[in-house]
1. Can you say whether residue 94 is in a loop (DSSP other than H, G, I, E, B), out of contact with any Cys (no Cβ under 7 Å at 6 or more places or on another chain) and surrounded by 12 or more Cβ atoms within 10 Å (Cβ to Cβ), as far as the supplied structure shows?
2. Within region 275-300, how many residues turn out to be buried (at least 16 other Cβ atoms within 10 Å of the Cβ), over 23 Å from residue 220 (Cα atoms) and in contact with a Leu (Cβ under 9 Å, 6 or more places away or on another chain)?
3. What single numbered condition from (1) within 15 Å of residue 33 (Cα to Cα); (2) open to solvent by 50 Å² or more (accessible area, probe 1.4 Å) fails to hold for residue 73?
4. Name the residues in region 246-288 that are out of contact with any helix residue (DSSP H, G or I) (no Cβ under 6 Å at 6 or more places or on another chain) and part of a helix (DSSP H, G or I), would you?
5. So which pairs qualify, if the first residue must be in region 337-350 and open to solvent by 10 Å² or more (accessible area, probe 1.4 Å), the second must be modelled with pLDDT of 95 or more and of a type in the set (Gly, Ala, Ser), the Cβ gap must be under 8 Å, and the two must be at least 6 apart or on different chains?
6. When you check residue 251 against the structure, is it closer than 22 Å to residue 283 by Cβ, open to solvent by less than 50 Å² (accessible area, probe 1.4 Å) and within 12 Å of the ligand (Cβ to nearest atom), yes or no?
7. Starting from region 315-333, take each residue that is assigned to a helix (DSSP H, G or I) and away from the ligand (no atom under 12 Å from the Cβ) and list its partners that are of a type in the set (Ser, Thr, Tyr) and open to solvent by 20 Å² or more (accessible area, probe 1.4 Å), counting only C-beta distances under 8 angstrom and pairs at least six apart or across chains.
8. Just wondering, is there one or more residues in region 162-184 that are without any contact (Cβ under 8 Å) to a residue 40 or more places away in the chain, surrounded by fewer than 15 Cβ atoms within 10 Å (Cβ to Cβ) and not in a helix (DSSP H, G or I)?
Amino acid sequence: MSLDDDLRPSTQRQRPRPLAPMASSIKVKWSVVIVAAVAVTALMSQIGLHLGWPVWLRPIVAGALALLAVQFLAHGLTYPLRQMADAAKTMARGDYSRRVEASNGDEVGQLAEAFNQMSAELAESDRLQKEFISNASHELRTPVAALQSTLENLVDGLAKPDRTSLELMLAQSEHLGRLVNQLLDLSRLEAGSDQPARNQIDLGDLLNELAVELRMTHPLAVVDVKAPLGLRVLGDDLRLRQVFTNIIGNALRFSPHGSPVTIVASRHNGSVRVAVRDLGPGIPVEQRAKVFERFWQSDGSAPTGGGGAGLGLAISRRIIDQHLGSIEITDNQPSGACVVVSLPRIADDANALRRQPQS
Ligand code: ADP
C-alpha cells in the first residue's frame, strides 16, 4: 500500500484498525500484539503436531499465521505518524491546511493532536505575516507613489523645483521615514528582540517635559498636566516617551482646535495610572480593542488631519506590555476619548526600591 493510499480519509479506508480506539498506552498495545503473535505460533505448532505435519512445516505455517495476526492487530497503530510525516512535507511547501487524524487514544494520538494544534498556530501566524506584509506594502506605496509623481513632474519640466514642491517632497519622505521606523519598531517588539531598559523614571517629570515640547511644536495646543511628585516607575525612558507622545499626539489630533488635552497621573494601589483625555469625537465601545491592532484606523478622519498608518497604538500596547503595564480606552465625560495607561509603581521607600527585580 502506498503512502497516499494510506492517507485517504478514514471513511474510505476498508481495513479495520482493531487496537486504535483503545485508550491505553502504546506499550500496552504492542504487548497485546506480541502476546497474540506468541499465542498464534504456539497454537499452530500444537495443531500441526496433532495433525502430524512434518517438523519443518510447522514453524513455517505458525510463523506465517503469527505474521498475519501482527499485520491485522498492528494496523493503524502508526497511521497518524505516517500522516504527520506527509503533512510535514506539505508544510515545508508552505501549505498549513493539512490535519492528521487524532482518533488513537494513545501517545501517538496525543502527538497527532499536538501536531494539529501546532499546524493551526502556524497557519494563523502565516496568515498574520502575509496580512502584515500586504498592509505594510500598501502603506508604503502611497508616499512612494506621491514622491515619484512629484519627481516625474520636475524631471519632465511640468513643475518647477520651487519651495512648494520641495516642501511637498520633504513631507512625503518624512512620512515614509516615520512609517519605516514604525514598521521596524513593531517587528522588533513582536520578535522580542528589543528589550527595554529598566531605569528609574519620574513619570510626572516625563509628562511635564513632553507637554513643554508639544507646546513648542504646536503653539495652539492646550496641554494640562496634573501629576503629584515622586511617581516613579521602572522602565525605558525613550520607549515611554514614544508611548505618551503617540497618545497625546492622537488626543491633539482628534480634539477640536483650541480645546484642552488633560493628562492626569495618580497613584493607584501598586501602580501609576495616567489618563489622557480629549474633547474629540471619542472612540466607540466596539472599536476600543481594535485600535490596538496594527494598521487599524477608524473611517472618520481627524479634524486636524495628519493621520498615521494605524501603528502608533499597536506599538504603544507592545511597549506597555513589555513594562508589565496595561493600556485601555475608557469613556470621557462629557465627550471625547480617554486613554488610560497603568504601570507598576516603584515603592516610595528607598529600601523597597533596591529590592526591585533587575532582569
Ligand atoms: P494613527 O497613527 O493612524 O493615529 P494609532 O494606532 O495611533 O494610529 O490610532 C489608531 C486609530 O485609533 C486612529 O486612526 C483613530 O481612529 C483611533 N484613535 C486613536 N486615538 C484617538 C482619539 N484620541 N480620539 C479618537 N480616535 C482615536
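The values are calculated or read from the model by the stated rules, or taken from the named source; none is laboratory data. Please read all numbers here as calculations on a predicted model, not as lab measurements. Cβ sites come from the backbone with ideal geometry, for glycine too, and all protein chains shown count toward neighbours. To get the accessible areas, we keep the full protein, side chains included, count just its heavy atoms, and leave off ligands, DNA and RNA. Shrake-Rupley method; radii C 1.70, N 1.55, O 1.52, S 1.80 Å.
1. no
2. Qualifying residue count for the region: 5.
3. Going through (1) within 15 Å of residue 33 (Cα to Cα); (2) open to solvent by 50 Å² or more (accessible area, probe 1.4 Å) one by one, residue 73 breaks only (2).
4. Those that are out of contact with any helix residue (DSSP H, G or I) (no Cβ under 6 Å at 6 or more places or on another chain) and part of a helix (DSSP H, G or I): 247, 248, 249, 250, 251, 252, 253, 254, 285, 286, 287.
5. 339/275; 342/325; 342/326; 344/325
6. Against the criterion (closer than 22 Å to residue 283 by Cβ, open to solvent by less than 50 Å² (accessible area, probe 1.4 Å) and within 12 Å of the ligand (Cβ to nearest atom)), residue 251 qualifies.
7. Cβ pairs passing all conditions: 320/326.
8. yes
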